[in-house]
Amino acid sequence: MLNDIVDVLADPVDLTPLRGEDDFARLVSETGHSYDVAKQGYVTLASGKGLNHEGDSLEMINSRETFLSNGHFAPFVEAVSDRVADVVERTSGDRDPVILEAGAGTGYYLAHTLDLIEGSRGVGLDISVPAAKHLAKAHPRLGAVVADAWEQLPVRTGSVDVVTVVFAPRNPSEFARVLVDDGEAVILVADQGHLDELRDPLGILGVEDGKVERLVDQASQWLTPVCDPELISFPMQLGRGAIAAQVGMSPSARHLDADVLKQRLEDLPEQMEVTARAQLIRLRKA
Ligand SMILES: C[S@@+](CC[C@H](N)C(=O)[O-])C[C@H]1O[C@@H](n2cnc3c(N)ncnc32)[C@H](O)[C@@H]1O
C-alpha cells in the first residue's frame, strides 16, 4: 500500500518529499503539489505536462496475468528474486529494504520478491493505468505508482536498495540516482532464441542481436556490471491457450492482425515445446 512506501516517493516536479493527507486520499509535497490517490489504491506521479504514452493495454495486462499465473516463467521470477535477496542482505542492515520495479506490469515479479524477503517494501512503477490497478492489489507491502520510467523518477535520491526491470524500459541515470550507494539494478532482458519456436509459425517479432552489450554500453556512464550476464534458459510446454496469452502480452499483439493471428494459432499443434531465454544483468553505480 502507498502508506508503506510514501517515504520513498518524491514530487515529480521538484523531488521534494511526499506525505499522505486526508487518510491517504492524496499525496502532498513539501512544496504544496497535490496528487490524488485513485480509489483502486494507485497514484499517478507526473509533472504538469502529463504522460507521453499509455503503456500496456487492459487486454495485454490480462493476457500477462493469465500467462504468468500458470507459472510458465517460474525460473525467471526465481532468478530475479534470488539475486535481489543477495543484494539486500548486503545493503539494508537493520532497515526494511526497498525494491523498485520499473515497468512492473501485473506485479508478478515484485510480489514474489517481497514474499521472499521479510519486511521488504516495494514500489511498483508502470506507465499503464490497467497495470497500476493490478499492482495496487498485488502485495500488501507494494505501493503502485503510474509514472514514466524514461522521465525523472518520482523517487527520492538514494532511497532504493534494488531496482528491478523485467522486459521493460530502463533509465540508467535515474536508476543510479535513486539507488543507495551499494545498491544494484537487476535487469532481465530477452535473449536471442527467446520464444524462437513461435517466430516463424506466428510471425512474431524477434530479439535483436547484441541487445545485452548495447544495454551495458549505454548505461556505462552511470552503472557498471557487477559480474558477467547470467543466461537463464529453459523449455516450456505450452498449449494453444498459453501461446495465445504469451502473444497477447507482448508487443507482437500490436503488430499482428487479430484474424491472421487467430488462424495461425489454430494451425499450431495443441501442445508444443517453446524455449524461454533471457540474460540477467546486475549493475551497480559507476
Ligand atoms: C513487457 S511488459 C513487462 C511487465 C513486467 N515486468 C513483467 O515482466 O511481467 C512491459 C511493461 O512496461 C510498461 N511500460 C512501457 N513503457 C513504460 C514507461 N515509459 N514507463 C513505465 N512503464 C512502462 C508497460 O506498461 C508494461 O507493463
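Let me confirm something: among Arg19, Arg26, which residue is more than 21 Å from Val160 (Cα to Cα) and not hydrophobic (A, V, I, L, M, F, W, C)? Steps first, answer last, please.
Numbers: Arg19 fails: more than 21 Å from Val160 (Cα to Cα).
From the options Arg19, Arg26, the qualifying one is Arg26.
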*asked:* Go through (1) away from the ligand (no atom under 12 Å from the Cβ); (2) open to solvent by 70 Å² or more (accessible area, probe 1.4 Å); (3) part of a loop (DSSP other than H, G, I, E, B); (4) modelled with pLDDT under 95 for Glu54 and report which single condition fails.
replied: (1)
*Starting from region 163-180, take each residue that is more than 15 Å from Trp150 (Cβ to Cβ) and list its partners that are in a helix (DSSP H, G or I) and of a type in the set (Val, Ile, Thr), counting only C-beta distances under 8 angstrom and pairs at least six apart or across chains.*
Thr164/Val80; Thr164/Val84; Thr164/Thr113; Val166/Val80; Val180/Thr91
*Test Glu21 against the criterion of being surrounded by fewer than 16 Cβ atoms within 10 Å (Cβ to Cβ) and more than 16 Å from the ligand (Cβ to nearest atom), and give yes or no.*
yes
_Just checking, does region 176-184 include any residue being modelled with pLDDT of 95 or more, under 18 Å from Met60 (Cα atoms) and open to solvent by 10 Å² or more (accessible area, probe 1.4 Å)?_
no
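Quick check on this structure: which one of Gly124, Gly103, Gly71, Gly119 is touching a Phe, Trp or Tyr at 6+ places or on another chain (Cβ under 8 Å) and of a type outside the set (A, V, I, L, M)? Lay out the reasoning, then the answer.
Numbers: Gly124 fails: touching a Phe, Trp or Tyr at 6+ places or on another chain (Cβ under 8 Å); Gly71 fails: touching a Phe, Trp or Tyr at 6+ places or on another chain (Cβ under 8 Å); Gly119 fails: touching a Phe, Trp or Tyr at 6+ places or on another chain (Cβ under 8 Å).
Exactly one residue qualifies, and that residue is Gly103.
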*Output the residue which, of all residues in region 97-128 that are among the hydrophobic types (A, V, I, L, M, F, W, C) and within 9 Å of the ligand (Cβ to nearest atom), is surrounded by the fewest Cβ atoms within 10 Å (Cβ to Cβ).*
Ile127
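The values are calculated or read from the model by the stated rules, or taken from the named source; none is laboratory data. Worth saying up front: this structure is predicted, and the values here are computed from it rather than measured. Note that we place each Cβ from the backbone using ideal geometry, even for glycine, and neighbour counts take in every protein chain shown. Keep in mind that these areas ignore ligands, DNA and RNA; they rest on the heavy atoms of the full protein, side chains included. Shrake-Rupley method; radii C 1.70, N 1.55, O 1.52, S 1.80 Å.
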